[in-house]
1. Would you be able to tell me the number of residues in region 163-178 that are hydrophobic (A, V, I, L, M, F, W, C) and either surrounded by fewer than 20 Cβ atoms within 10 Å (Cβ to Cβ) or closer than 22 Å to Arg97 by Cβ (or both)?
2. Go through region 55-70 and count every residue that is within 14 Å of the ligand (Cβ to nearest atom) and in contact (Cβ under 8 Å) with a residue 24 or more places away in the chain.
3. Looking at Ala126, is it within 15 Å of the ligand (Cβ to nearest atom), buried (at least 21 other Cβ atoms within 10 Å of the Cβ) and in a loop (DSSP other than H, G, I, E, B)?
4. Out of Gly69, Gly121, Gly98, Gly73, I need the residue that is in a loop (DSSP other than H, G, I, E, B), in contact with a helix residue (DSSP H, G or I) (Cβ under 7 Å, 6 or more places away or on another chain) and not acidic (Asp, Glu). Which one?
5. Pick from Ala123, Ala117, Ala142: which is aliphatic (A, V, I, L, M) and under 23 Å from Ile95 (Cβ atoms)?
6. Which numbered condition in (1) within 15 Å of the chain's Cα centre (by Cα); (2) of a type in the set (Ser, Thr, Tyr); (3) away from the ligand (no atom under 14 Å from the Cβ) is the only one that Thr161 fails?
7. Going through Gly47, Gly93 one at a time, which residue ends up being in contact with a Gly (Cβ under 6 Å, 6 or more places away or on another chain) and under 25 Å from Ala142 (Cα atoms)?
8. State yes or no: is Glu120 more than 16 Å from the chain's Cα centre (by Cα), farther than 20 Å from Val31 by Cα and surrounded by 14 or more Cβ atoms within 10 Å (Cβ to Cβ)?
Amino acid sequence: MAGDRSKPTVFRIIAGKRFELTLGDITRERVDGIVNAANSRLAGGGGVDGAIHRAGGPGIMAECRKIGGCPIGRTVATTAGKLHAKRILHTVGPIWRGDGGEPELLASCYRTALALARDEGLASVAFPSISTGVYSYPVEEAAMIAVRTIMEFLGANGLPTLVRMVLFDVKTLEAYRKAAGNS
Ligand code: APR
């Protein structure tokens, strides 16, 4: 099983050492880029968004206000405040409605965040499970899309050299582990 939060188990799978799954709090990550599950107004909120703004300090929100917003499926970058990262990559996941448009929008979140990381020269990037909290995306389906999109991107690009999915609970970790074919 996944172990406790203080000593998260890391599963290194596929693509050599470039893709990892771990259980934990993403605000404690030491990586070049931390991805935030934001909303389209970049207005902050609960979940991982609230945790990132709380831990990173008010400078991140000041930058978000200047940027003003971000469409669903797209990603914008800010500095990372007090977090141990160079950049926060705010991506806006789709709200699950089951009307068919969500898979492409969710894939686009991962693709645009990874492309921005590559273009900014970020070597390591940590993702939370986009859309599977407040936005209610079924986690098994979201995990399949996330893993497939990340693996495709890593196959086609040299940067980032490391992508780590930081999952907040065991159920979510297990869904991603299954999606990655490591169950
Ligand atoms: N570290 C890692 N993962 C976290 C953390 C954390 N500190 N806190 C929450 N999570 C997990 C949740 O348990 C869930 O698995 O992140 C996943 C995504 O959940 P949400 O944060 O609710 O994100 P999302 O479903 O994309 O909804 C976005 O929520 O907070 C608002 O402003 C945000 O309106 C936006 C919406």
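1. 3
2. Matching residues across region 55-70 total 6.
3. So Ala126 does not fit the description; no.
4. Gly73
5. The unique qualifying residue is Ala142.
6. Answer for Thr161: the failing condition is (1).
7. From the options Gly47, Gly93, the qualifying one is Gly47.
8. no
Readers should treat all values here as calculations from the given coordinates under stated rules, not as data from a laboratory. The shown structure was predicted, so the numbers you read here are calculated from the model rather than taken from an experiment. Cβ coordinates were reconstructed from backbone atoms using ideal geometry, including for glycine residues, and neighbour counts include every protein chain displayed.
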